[in-house]
Structure formats: C-alpha cells, structure tokens
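**Student:** Have a look at this one before I ask anything.
All of the numbers you see were taken from the coordinates with simple rules; none came from a lab. These figures come from a predicted structure and were not determined experimentally. Positions of Cβ are generated from backbone atoms using ideal geometry, with glycine treated the same way; all protein chains shown enter the neighbour counts.
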Amino acid sequence: MSEVDPASGVPISEPPSKRRRVHDDSLDSTPQYGSPDSAPQNSPPNSGRLPDQSLSIRRGPPSRSRSRSRDGDATMDNENEDNRRRYHSSRSRSRSSSRARSTPRSRSQSRDRHRSRSASYSRSRSRSVTHDHSRSRSQSRSRSRSRSLSSPSHPQPPTHDKPDHHHRHDQPPLLPNYHQHLLLQGHKGAVSQVRISPDGRWIASASADGTAKIWDASTGAHLETLVGHMAGVSCLAWAPDSNTLATGSDDKAIRLWDRVTGSPAHAVAHRENTAADMVGVVKKGGVAAAKAAARRARMGVPGEGVRGGRTGRGPLLGHHNYVYCLAFSPKGNILASGSYDEAVFLWDVRAGRLMRSLPAHSDPVSGVDFCRDGTLVVSCSTDGLIRVWDTSTGQCLRTLVHEDNPAVANVCFSPNGRFVLAFSLDNSIRLWDYVSGSVKKTYQGHSNKGFSIGGCFGVLTDHDDGGEEQPADDDESRQQSFIASASEDGDIVMWDVKSKGIIQRIEGAHDGVCFCVDVYGGIMVSSGQDGFVKVFRHRPKSGPVKREDGDVNGFSGANGHREEDETPDAAAAADEELQRQVEAEAGSPGQHVKEEQL
Amino acid sequence: MNLLLSDDYLLQDYPENITNTIRSGHSTCVRFNRKGDFLASGRVDGTVVIWDLETMGVARKLRGHSKNITSLSWSRCGRYLLSACQGWKAILWDLQDGKRHREVRFRAPVYGAELHPWNHHQFVAALFEDQPMLVDITDPADVRYVLPSVTKRPNTETDAAVREKHAKEDAKHMTTAIVYTAAGDHLLAGTTKGRLNIIDAKTREIIYSEKIASGIITTLRLTESGKELLVNAQDRIIRTFIVPNLSTTDLDLDTIQIPLEHKFQDVVNRLSWNHVAFSATGEYVAASTYNNHELYIWERGHGSLVRMLEGPKEEQGVIEWHPHRALLAACGLETGRINIWSVTSPQRWSALAPDFVEVEENVEYVEKEDEFDIHPQEEIQKRRLDQEDEDVDVLTVENSAGLGDDVDAFRMPILFNLGESDSEEEFVNVSLGTLRRKSPGDQDEGEMTGEEKGTGKKTSGAGRGRGRRK
C-alpha cells in the first residue's frame, strides 16, 4: 500500500501497485493532441512512445510473484452443435483446486501462464438469440442520461474517415470526432480512473496521490478535492443522481462523498468526531488544508467503522485488500465493489452495510458493473473469468471465459444490457453475448498487455452532432454507438461496434499509459499516467468551416453551456476568459491549463 | 435482465419457505408498491417505514402518526403513500422529500383508506362506527363526501314506527372495508352486515347491494386487473367473486351480477382468517390464520389448497403478495416482525464453469470429425475473428416485461441519515408505550398487540437472515 506523503502529495518510497505495469522501452513524446488532421488516421498502435517516467504508483509490485500452476490445460472446447444437453469433454481446468499459491498473495507481475492449448476451435454455439433490431430512440438512450450539454447547431455533412459501406447510406453515419477541449491539471499522481457523472455535468477523477477530484465538465473548473483515503485511489463511481461519489482505495476502504459539499456523504453524526475531522475536504485549491487533512488522516486510525459496515461517517470497511473497482446500481441503492481479496461485495448504500459477499474469483477482481435494470452484476478478474451474478440472490448465473483464458482487466455492460464488453490483456476487447456465452466481436488495434485500462460504450446522436436540421422523427434519428478505450501507448481508440473498424484514434492523448476513458454523448474524458485529465468534445465535422463569418451563438439557450464549435477566434477569446475564471475560482493560478485545439 | 439467464420460470409461482425477516419496531400492516421494489410497513407507534426489497434495508421513515397504522396505500407512480391510523387521521406522504403532502383528519379511527388507482388526490376511507368518506384533496381545502352504507329505502313506508325501525337498523349498518375498482369509477364496500355494496364514485350512490356473507366483511381485495374480488368475512369463509366491468357506458344497473366463484374455508379446524391476499396474477389466494401459525395458499382455478406455509411460531396478521414475484410478506402479530416467504432457486453449478452442462441423464459424447485437428494458432485466430460477422445491437432495449422501465418513473432518493434507529431500545420503548396507549375499543383486525417479549430480537440489520426459527 502506498503511503501518501502529505507534503508533496505523491507517494513516498517504492509504491507498489497492482495492475499497471510500465513499458520500459519508450521514447519520450510530447502529448499530441488530437488535431483534425491527425486524429482520423488509423495508424497502428505505436507502443514505443512511452516515456520512462518514474511513476508514482501503478508500478509493478516487486513483492508479488504469483506462482500459479494450472495443470492440464489441454482443452477440447467443442460446443454442442444442437441445443440438446450433452456432455462436453470439458477443459480439465481444475482452477480452484489445483492452484498452488506459494505465499499468501504473492504473484508475479509478469504473469506467466503456461498455456498449451491444443486444437481448439472457435465456439459455435447454436443457441441463436434473435435480436430485435428496431431502433427506437427513446428506449435506446443508454442509462437514461439526458443529453443536455452540447447542442451545436450545425448541419453535419458526410465525413471522410469512415468505412466504405457507410457511404451508400442516405444519411451519413455519425462518426465520433473528438477533439481536446480541456486539460485538467492538479493531480500529483497518475489518474487511475475518471468518470463523467450520469447527468453529464461533472467529472470525477481518482488518482494515485490518494485523492479524488471533482471538476465541472463544461468549464473544467476544479470544484472539490476529496481527501481522506490513506492510499492511492483506484476507482470511483457516480451514484445515478450525480450527487454522491464513491471512491475505492488501496487502503481497503470505500468512501462515499457528497458532491455538493465534498464531505462524506452520510449525515448521522454520532460518535464519530474524530472520523469527521479526519476526513477533510479541500475546496478550491486549499492545498494547505489538504495537507493538514492528510496529515491528520495519517495520524488517525484508518478505520473507525465496524468491519463490514459503517458507523457515522466512517468508510465502508470489509475488504481485506485493495478495493479495485466500483459500480453503483441504477437505482443507487446498491454499490458493488471488487477487490484484490478476490471477492465482490454488494453494499446497502443507505445503511453502509455489507449486504452480500460474492465469492467471485480466484484472482483480484478487476472490474464490476451493473446492467441497466440492476438485476445483474458482472465481474471480471485476472483469472480470466467473467461472471454474471444475480443481484437479488447472489448466485452466479453465467461464467464467460475465452479459450485462451487471457486476464480480464475491465468489464462493462452494453447500454441495453444485452452484452458484456470485456477488456482483456491480450490487446483485445471482446463483446460477449452472455446469454449464449459466445464472443460476438473482438476489437483490436489498441495496446493492452499489462495495465487494466478502461473504456466504455459511447453513443452519439443527432443531438450531439448538431442535428437541429435533422428530422425530429424518432425513426429517422441517427445513432452511432461506438466503443472507446484507452491504450497503453497513450492513445484513445474508438471502434464501430458492428464493423469492428477503428473510427477514430486520438494519438498521444496522454504521456505514458492512458488509463481510462469515459464517454457521455459528445463529451469524452480520459486520464493517464501523466496525472492529467483531458476532456474531449465531439465536433461535427464541418461545423467551424461553415461558421467562418464569426456568427456564433456561443451559448445554447437551455442551459447556458458553451458550445464547442465556435469559430477559432471566438473560441480562443472565450477560452482565455474561461481560463481566467477558472484560475480565479481555483485560487491557484496555473493549476488549470486549458487548451482548445481547432 | 436476469430472466434471460435464470430458470426461475420453472420454479413454482407461490412462495415456499421463509427467506427474510426484517424488523423495524412493531409492524402491523404492510403494502408493496406497484413496481414491487418497495414495501411500506406501518408500526404500532405510528411510524411508517419504507423498505427497499433489493437491499432489505430501510429506505425511508415517515413520522407523523401517533397511533397504530391501520392501512397503507401507494399511488400508481409510487411517489405518494397514503397511511391511515387509529388516531383519526390519514396522511398522504410525498416520498420525494419524505414530508406530508396532505393530512386529513376524521372524527373516528380509520379502518382503512385507499387511494384512487389513477388519481392520488382522491381516496376513500372506511371509518370506525361512522359512514365511509370519499375525500378529494385536489384543492388546498379537502372536500369530503359521506358515502352511504345502506341502500336508500323507497320512501313508500308510511308507518312512522317502521321507518324509525329502519333508521335504527341503518344506523347500525357500517362500512368496514372499501376499495376502488380498477378504473376508479366505482367503489366496492363491505359492511358489518355482510353486504357488498357497489357505489358510483361520481353520484356517490349505491347502485348495487347484495348480502354475500353472514358476518362482518373485514377485507376486500381486487386483483391488478380488477376482475376478481377477494372477500374475507368473519364467518370464517374467504370468497372470491368475478367483478363485471362496471365502467362500460351501457351499464345496466338492474343486471349487475357479482357471481361467487369460490369459497375457501377450513371445515375441519373451523379456522378464521386474519387477512387475505391475492397473488400477483390472482391465480392464488393466501390467508393468514387466526390463532394459528400457518399461512394457507389456495389455487383459485380449482379452488384447492396447495400449500400451508410454516414460518416462525407466531400468528401472522396482515399478509401481502408481491405484485409480480412469488413472494409473501406477513406481519408477525406478537413480535411485529415482517416475515418474507419466497422461493429460492438453487445455484446451478454449471453456471460457474462454462464447460460443464447439467444433464438429467447420461449423454454419450460424440466426437466431432475435426475435433482434434491441429491448426496453426494464427489460422484459428483469423477464423475466429472472421466468424464475428453477426450484427449486434448494443442499444435497443428489449422491452420484455414492461415493468419499471418507465422513463419518468419516480425514483426514491437515497438517504444516508436513517441512522441506527432500529435499535432494541426503541423497540422496547415503543411497544410498551403503545400497549399503554392502546384503547380497548379498537377491535380492528390485525392489531392485536400481544404481550411483548424482549427476547430473540433479530435486528433488521442482520438483513439477509435466513433465520428459520424453531
């Protein structure tokens, strides 16, 4: 567990970490921001561009060496041809029994698994699931996010870098065209996860420096620094009402925060004076306060709560090892957490009570997610398994495993909840149909071998694309779903869901590994090893060109958010002013550098 | 979504064993909301507790009554909850902020109050030794209409003595249970004389009346569709009736018929029934028994007893069936715990290992022709990728059940300040205080607060207590 030095905010000593290993062979490179001409090129992953920074955390722990002997890996993965039940000559993967662990939890970061899989055919399950492909716009709004942010008002002509078959359509497909919009600086360590709130207005970032920060998604203003964890923060999750944030840390605790006040999000103040004081909040650049709080926190006992529960403002305690992934249920009443202790916990958020412990995996749980109606939880682990759980009973309903058994580093449900997207450490992202248990798509082209990088589904609609001229009829409205993922070479890669083709690559978004990408309509955020959070905006392809006359209305009437497709001059002026505002607000000039690339 | 993966549809559709026991104070009545994700419970101390069935934890506490809660009724959207108490009042709660939306005071204890199925600004209340009322709270000042319990007698009787006698009789005739029909245009009312009245909600006149039971009608329940009526009466017989569509335009008042479908009774033990409930579809009828621990479940199609549910050694009061799951909630009369019966599906072990399939009998494995052929890794990889030509749709939601997918559905805020209020101290205090306050005149059903024993407390914090106490 990495200690946070209160003076500098960076971890002291050799910070061990779990997932994120460093590429050593790396050239230095200045961050290349996605400029319009460089972005659409589908260049192969350039894995040699990583700087050999001295990383704060996320370096491989020297003390972990896993010796896993998985015997009998020969597989005969034939699936039954028909739907009748029959025996499979199954893989003799005696996973749980024949694992020899040398020391309790010692694993090498270069996980050398002996895979000697013999002839294994691709699965051909014949259980065919019929899909209803009728699109209806209202239903398919994923996660019921109301896209209220960007409403550019420009028509969108056909664009250049799309697959050929799309040209034949009457309406050109929406293609993501994200450009860097804001650069959020302030974290003193690698930013392990960044997420946009469900209402699209806020950005939360979790960092190895032991803090989480909340930013305004439209202006990039830094709003809160959440100090309280005693080690690097690995994960965070937004509650569906966007008012509560959960963070999970290497100090084994999960903390809930109120977004508005920045204080721990539970109000009962009984027998927790020390706890309340210890968990300080740093508003707007109060670095001294942060240090003081951190110092106080360091001196205190790191767990006022009862094990497996919470009293007062204490954190959610119960995991025996690093908390590594978090997800809120769609109603916000359940929080799922995955940990290095190989379990998935379901917490009753209201009471802070451990509701159910799922004996999930035989390796650290690297990702959890809820499906859209909250009845299913998916978890994945570096043991290569993806498990789907029934939330209400806690039973495992399905286990998904790829034939090569690559470690799975992240997992999420598709917006409609019918598929599971798994990020595995063989440079592949796989789309699983969890009902049939088969891989539907494999997305490749990014680099992911050692770190648990994150990605998500993104959906672009006419609304995001400035579709005021588009017909309002639901059937006519276009939707483009894509998959966005970070890449270990610092890029952000986006794939078309159906064709598996790369439709945008933002090169060099981060210096070093890009850890996490989250998309909310026309906004995309990313975080990386360099400690930065970057905000990207989708830009309709010809918007700025048409508005050369400078006739812009920089604010959309409904909510006053600035549109992203202003003319360069106006945008630059607005940016300067915005930046001044941001700095004034933050009270720490230079903390926020904002760059608009046009 | 989990229905795609589970075999739960194979399971029986009535509950089997007790799966949870939750407690917050001494609950006397419970009610599920329409979506079935929350359970409201009313306590003897007047507190209304909203339970989240997913977490089995308290989602809200509503304080405003000071007496035993007698009935609860959810609005269609799930945002409003009407609670009525013995303390002569009914409160409509707004669950968005947990405050009282409206409060209506009566001049008598309330047997039960039910919200209009579509309009949460209207409700009916059956009052103790008073005529029932229809209350309209659309305007800031509520409007009350007294509803009749007796059919108007034709004014032909000239004899004053007879008239007086009739008036006396009518004055004794009280409504003890009243519910809205599914459309909300009519009211079904049960009386102390065992009569079932149909009241037009607009004209507020009885359009039909029939004696259906020989005792006091204590409970009236309709299925979700409103086509079946369940009547519990003090003559130890549970009856189901078929309710005609009363909302048709060409309704002929003279031809209304409420045909009796089934009578459920225990002729051997002569049991009387505390409370009754329809299952989600109306396929089953469940009843809690007086002076007995068991819950009875009958199948309505054949009218046969299918199950006697055993639970804790405690008489159960109000029971409620979940609106779409095989789940029963019942209030223990003595302890005030809420016991939940449900079905538990066993873990399928094949789900844990994808290569295994559970088979009923031995299956001979037939090796495929090319099963052990050796191909280069790249070729396999390439072939595998090439096979991924299926069209996937990650956006369109398959609207299977239509339940809970409403976009504007009310979402209960998540509260963090509920605290540890389910402590033993509160429980003891409450029960003692309530016992003292309880007036002997109240004989409403399901409120027989037994002698409180402070032993064997199982806090609701234990949550998933699969306790089956013997």
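**Student:** Sorted from largest to smallest, which semi-axis lengths in Å does the alpha carbon gyration tensor of region B:332-380 give for its equivalent ellipsoid, taking the root of 5 times each eigenvalue?
**Tutor:** Numbers: eigenvalues 501, 52, 5 Å².
Taking √(5λ) for each Cα gyration eigenvalue gives 50, 16, 5 Å.
**Student:** What does the average come to when, for each residue of peptide A:402-414, you count the partner chain Cβ atoms lying within 10 Å of its Cβ?
**Tutor:** Working: counts 1, 2, 3, 0, 0, 0, 0, 0, 0, 0, 0, 2, 4.
Going residue by residue through A:402-414 and averaging, the value is 1.
**Student:** Given axes a ≥ b ≥ c from the Cα gyration tensor, I'd like to know whether region B:138-272 is rounded (a/c under 1.5), prolate (a/b larger than b/c) or oblate. Don't skip to the answer; put the middle values down first.
**Tutor:** Details: a/c = 1.63, a/b = 1.13, b/c = 1.44.
Judged from the Cα gyration tensor, region B:138-272 comes out oblate (a/c at least 1.5, b/c at or above a/b).
**Student:** In addition: How high is the relative contact order of region A:353-506, in percent, with contacts defined as C-alpha pairs under 8 Å that are six or more residues apart?
**Tutor:** Working: 354 pairs, mean separation 21.3, N = 154.
Here the relative contact order equals 14 percent.
**Student:** Expressed as cubic angstrom per residue, what is the convex hull volume of the alpha carbon set of region B:238-289?
**Tutor:** Numbers: hull volume 5.6 nm³, N = 52.
Dividing the Cα hull volume of region B:238-289 by its residues yields 107 Å³.
**Student:** Let me ask something else. What is the order of B:Tyr296, B:Tyr365, fewest Cβ neighbours within 10 Å to most? Walk me through the numbers before you get to the answer.
**Tutor:** On the way: B:Tyr296 22, B:Tyr365 13.
With the fewest neighbours first, B:Tyr296, B:Tyr365 line up as B:Tyr365, B:Tyr296.
**Student:** On to the next question. Set Lys and Arg Cβ to +1 and Asp and Glu Cβ to -1, take the dipole of region B:126-224 about its Cα centre, and tell me which of B:Ile216, B:Thr181, B:Pro132 lies farthest positive.
**Tutor:** B:Ile216
**Student:** If you don't mind, another one. Once R0 is set to 60 Å, what does the formula 1/(1 + (r/R0)^6) return for the Cβ-Cβ distance between B:Gln387 and B:Gln12, expressed as a FRET efficiency to the nearest 0.05? Let's see the in-between values first.
**Tutor:** Numbers: r = 41 Å, r/R0 = 0.68.
Efficiency, from the Cβ-Cβ distance: 0.90.
**Student:** In debye, nearest 20, what is the charge dipole magnitude of region B:278-366 about its Cα centre with +1 on Lys and Arg Cβ and -1 on Asp and Glu Cβ, if you could check? Intermediate results must be reported in sequence, preceding the final value.
**Tutor:** Numbers: 6 positive and 13 negative charges, 84 e Å.
For this selection, approximately 400 debye.
**Student:** Over the Cα atoms of region A:176-248, Rg to Rh with Kirkwood Rh, two decimal places? It would help to have the intermediate numbers written out before the result.
**Tutor:** Numbers: Rg = 11.9 Å, Rh = 12.4 Å.
Result: Rg/Rh = 0.96.
**Student:** Please grab the % of Cα pairs in region A:413-452 that end up more than 16 Å from each other.
**Tutor:** On the way: 273 of 780 pairs.
Summing the P(r) of region A:413-452 above 16 Å gives 35 percent of all pairs.
**Student:** I've got another one for you. Work out how far the C-alpha atoms of region B:153-209 reach from end to end along every principal axis, then list the three figures in whole Å, largest first.
**Tutor:** Principal-axis extents of region B:153-209 (Cα, largest first): 42, 21, 12 Å.
**Student:** While we're on this one: In Å, what Kirkwood hydrodynamic radius results for region B:255-328 from the alpha-carbon pair distances? Working shown, then result.
**Tutor:** Working: mean 1/r = 0.0770 Å⁻¹.
Kirkwood radius, region B:255-328: 13.0 Å.
**Student:** Further, regarding this structure: Could you work out the mean count of beta carbons from other protein chains within 10 Å of each residue's beta carbon in B:54-65?
**Tutor:** Details: counts 11, 14, 4, 9, 3, 5, 1, 0, 0, 0, 0, 0.
So the per-residue partner count for this stretch is 4.
**Student:** Okay, moving on. Sorted by packing (mean other beta-carbon atoms within 10 Å per residue), highest first, where do B:16-23, A:335-342 land? Write out the running numbers ahead of the final one.
**Tutor:** Working: B:16-23: 21.5, A:335-342: 25.1.
Answer by packing, highest mean first, reads A:335-342, B:16-23.
**Student:** Can I ask one more? So for each of B:280-286, B:243-249, A:384-390, B:164-170 I average, over its residues, the number of other beta carbons within 10 Å; can you give me the resulting order with the highest mean first? Numbers along the way, then the final one.
**Tutor:** Working: B:280-286: 20.7, B:243-249: 13.6, A:384-390: 25.1, B:164-170: 12.0.
Put in order of decreasing packing, that is A:384-390, B:280-286, B:243-249, B:164-170.
**Student:** Can you list which of the trypsin sites (Lys or Arg not before Pro) found in region B:262-340 are DSSP loop residues with at most 10 other C-beta atoms within 10 Å?
**Tutor:** Numbers: sites: B:Lys263, B:Arg270, B:Arg300, B:Arg307, B:Lys313, B:Arg325, B:Arg337; in loops: B:Arg270, B:Arg300, B:Lys313, B:Arg325, B:Arg337.
Answer by residue number: B:Arg270, B:Lys313.
**Student:** How large are Rg and Dmax for region A:313-431 when only the alpha carbon atoms are used, in Å?
**Tutor:** For region A:313-431, the Cα radius of gyration and maximum Cα-Cα distance read 13.3, 45 Å.
**Student:** Over the alpha-carbon set of region B:1-151, work out the extent along each principal axis and list the three values in angstrom, largest first.
**Tutor:** Principal-axis extents of the Cα atoms in region B:1-151, largest first: 52, 33, 31 Å.
**Student:** Average partner chain C-beta neighbours within 10 Å, per residue of A:385-395? Intermediate results must be reported in sequence, preceding the final value.
**Tutor:** Details: counts 3, 1, 3, 5, 3, 8, 4, 6, 9, 2, 10.
The mean count of partner-chain Cβ atoms within 10 Å per residue comes to 5.
**Student:** Per residue, how much space in cubic angstrom lies within the convex hull of the C-alpha atoms of region B:50-131? Working shown, then result.
**Tutor:** Details: hull volume 7.4 nm³, N = 82.
Each residue corresponds to 90 Å³ of Cα convex hull volume.
**Student:** Would you mind calculating the gained length between B:Lys172 and B:Arg153 on full extension (0.36 nm times residue separation, minus the Cα-Cα distance), in nm to one decimal?
**Tutor:** Values: separation 19, 0.36 × 19 = 6.84 nm, distance 1.51 nm.
Between B:Lys172 and B:Arg153, full extension yields an extra 5.3 nm.
**Student:** Pop a pseudo-label 7 angstrom from the Cα along the beta-carbon direction at both A:Ser362 and B:Glu369 and give the gap in nm to one decimal.
**Tutor:** The two pseudo-label positions are separated by 3.6 nm.
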